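Here is the structure we will look at.
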Amino acid sequence: MPATIPCLWFDGQAEEAAHHYTSIFPNSSIGDIARYGPGMPMPEGTALTVEFTLDGQSYTALNGGPQFTFSEAISFQIMCADQEEADHYWNRLTDGGEEGQCGWLKDKFGVSWQVVPTELLALLSDPDPGRAQRATEAMMQMRRIDVAEIRRAADSVPA
């Protein structure tokens, strides 16, 4: 299969966003930057496209203008090994952005992310339906995922 590279449409913040994201994710870098020239829709020298990599995944940031904006219809999942890693991404990406429900957030550019500790998936799909239900109910009450709290809820004995 050929490579698939998400292209994120910004209104003038493509280069800033690429630098922001590469400062958060390990093993990340900025690649080629193409710039607008004279007589083009954005000021000369403004980044047209910025190629960047986040821990091995390629992305392109495009300064296309105000015509299109981000929505929650598309989000990026960050599968985290543990609570510490999840908290790192949650804290960095919500800075200047906004918290959503169940581990979802919008960063300061309006891009939606899901910060998912992998243990959460095991709790939500537990073979014991009661345990999975209690875990799901606990998660639905949260913004930032707290795996220890979800585990406590899953392990609680129903009254």
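Observations on the model:
- Verdict on residue 56 being exposed (fewer than 13 other Cβ atoms within 10 Å of the Cβ), in contact (Cβ under 8 Å) with a residue 12 or more places away in the chain and not assigned by TED's automatic domain parsing to the domain that holds residue 80: yes
- Filtered residues of the range 1-24 (kept if small (Gly, Ala, Ser) and either outside any loop (DSSP other than H, G, I, E, B) or modelled with pLDDT under 95 (or both)): 3, 14, 17, 18, 23
- When 54, 48, 62, 124 are checked against the criterion of being farther than 23 Å from residue 30 by Cα, out of contact with any His (no Cβ under 7 Å at 6 or more places or on another chain) and hydrophobic (A, V, I, L, M, F, W, C), 124 stands alone in meeting it.
Conditions tested, residue by residue: (1) in a strand (DSSP E or B); (2) assigned by TED's automatic domain parsing to the domain that holds residue 22; (3) in contact with a strand residue (DSSP E or B) (Cβ under 8 Å, 6 or more places away or on another chain); (4) surrounded by fewer than 18 Cβ atoms within 10 Å (Cβ to Cβ).
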{"residue": "77", "(1), (2), (3), (4)": "yes, no, yes, yes"}
{"residue": "85", "(1), (2), (3), (4)": "no, no, yes, yes"}
{"residue": "93", "(1), (2), (3), (4)": "no, no, yes, no"}
{"residue": "109", "(1), (2), (3), (4)": "no, no, yes, no"}
{"residue": "114", "(1), (2), (3), (4)": "yes, no, yes, yes"}
{"residue": "121", "(1), (2), (3), (4)": "no, no, no, yes"}
{"residue": "132", "(1), (2), (3), (4)": "no, no, no, yes"}
{"residue": "138", "(1), (2), (3), (4)": "no, no, no, no"}
{"residue": "145", "(1), (2), (3), (4)": "no, no, yes, no"}
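The values are calculated or read from the model by the stated rules, or taken from the named source; none is laboratory data. Because the structure is a prediction, the values reported are computed rather than measured. Reconstructed Cβ throughout: ideal geometry from the backbone, glycine too, with neighbour counts over all protein chains shown.
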